[in-house]
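All remarks here apply to the structure that follows.
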Amino acid sequence: MSNSQKDEPSRTPARTTRLTDPRALRAYAHPTRMRLVGLLRTEGPFTATRAAELTGESVASCSYHLRMLATYGLVEVAPGGRGREKPWRATAHFTQWPNHSDDPAVAEAGKALETAVADRYFELITRAIEERRHLPREWQEAQHIGDRVLHLTAEELADLGAKIDRLLRPYENRQDDPAARPEGARLVQIVRAAFPLPLRPAGNEDVPVAPDDKGGPR
């Protein structure tokens with residue numbers, strides 16, 4: 001990192017960092033690194049010492065993981081630090097990676113990363129359910145977990161994802177601009193997942209496996 005980068009003034013992070021290098025995908029799949037990136041996006045910039053307080057890891061461990069994340073462009077040194085207590089910041093608000101790749105190394109690393117992400121989402125959702133009773137009533141009633149089973153083409157599924165993304169975009173500026181947050185606003189995790197269900201056994205290939213009647217995950 002050049003001196004000019006170290007002296008760079010505070011700036012707005014990019015919207016998205018796209019990972020295509022299998023080494024970067026595997027690096028980001030580490031649970032601690034994933035947590036650090038998420039925390040930097042919501043509570044950063046902060047030092048390795050503060051990272052240790054937030055994660056329960058050692059300062060040395062956090063410092064190592066932050067340096068590894070910096071290697072792949074997910075975090076960078078922020079201005080304002082002194083000596084070894086340098087602050088870090090996220091380089092973007094979101095991380096993307098290929099859903100498909102003809103390169104076996106990229107495909108395998110992407111699958112490992114998505115599995116780690118799914119595990120993290122499950123952890124967050126479970127914690128939210130366990131802690132819901134401590135929220136004010138309006139927040140308990142506003143929280144929701146559910147799903148829909150729809151008959152869609154691949155094109156319609158991709159279009160639906162783009163529409164959801166456009167629906168959420170107007171709220172993104174609140175991350176960098178506290179003045180844009182209405183009174184009572186707080187951080188909310190919105191988890192998205194959409195995938196084709198398995199087909200029935202031979203003879204019924206065109207009919208998806210029937211969901212249960214409870215409205216829960218399939």
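Only one of Glu53, Glu57 is more than 22 Å from Arg23 (Cα to Cα) and either loosely packed, with under 14 Cβ neighbours inside 10 Å or touching a residue at least 60 places away in the same chain (Cβ under 8 Å) (or both); which?
Glu53
Collect the residues in the range 187-201 that are within 17 Å of the chain's Cα centre (by Cα) and either among the charged types (D, E, K, R) or surrounded by 12 or more Cβ atoms within 10 Å (Cβ to Cβ) (or both), keeping them in residue-number order.
Initially, the range 187-201 is screened for residues within 17 Å of the chain's Cα centre (by Cα), giving 187-194.
Val191, Arg192, Ala194 - these are the residues of the range 187-201 that are within 17 Å of the chain's Cα centre (by Cα) and either among the charged types (D, E, K, R) or surrounded by 12 or more Cβ atoms within 10 Å (Cβ to Cβ) (or both).
If I filter the range 136-179 down to residues being assigned to a loop (DSSP other than H, G, I, E, B) and over 23 Å from Pro198 (Cβ atoms), which single residue comes out as modelled with the lowest pLDDT?
Per the stated criteria, the residue is Asp176.
Name the residue, out of Phe94, Phe46, Phe122, that is among the aromatic types (Phe, Trp, Tyr), touching a Pro at 6+ places or on another chain (Cβ under 8 Å) and on the phi < 0 side of the Ramachandran plot.
Phe46
Count, please, the residues in the range 39-90 that happen to be outside any helix (DSSP H, G or I) and not β-branched (Val, Ile, Thr).
Final tally of qualifying residues: 23.
Condition test on Asp212, is it modelled with pLDDT under 95 and surrounded by 11 or more Cβ atoms within 10 Å (Cβ to Cβ)?
no
Taking the condition of a type in the set (Ser, Thr, Tyr), surrounded by 12 or more Cβ atoms within 10 Å (Cβ to Cβ) and in contact with a Gly (Cβ under 8 Å, 6 or more places away or on another chain), does Thr91 pass?
Yes.
Could you give me the residue pairs with C-beta distances under 6 Å whose first residue belongs to the range 98-119 and is surrounded by 12 or more Cβ atoms within 10 Å (Cβ to Cβ), whose second residue is of a type in the set (A, V, I, L, M) wherever it lies, and which are 6+ apart or on separate chains?
Ser101/Ala107; Ala109/Leu25; Gly110/Leu25; Ala112/Ala29; Leu113/Leu25; Leu113/Ala29; Ala116/Ala29
The values are calculated or read from the model by the stated rules, or taken from the named source; none is laboratory data. As the structure is a prediction and not an experimental result, all values here were calculated from the model. Heads up, the Cβs are rebuilt from the backbone with ideal geometry, glycines too, and the neighbour counts pull from every protein chain shown.
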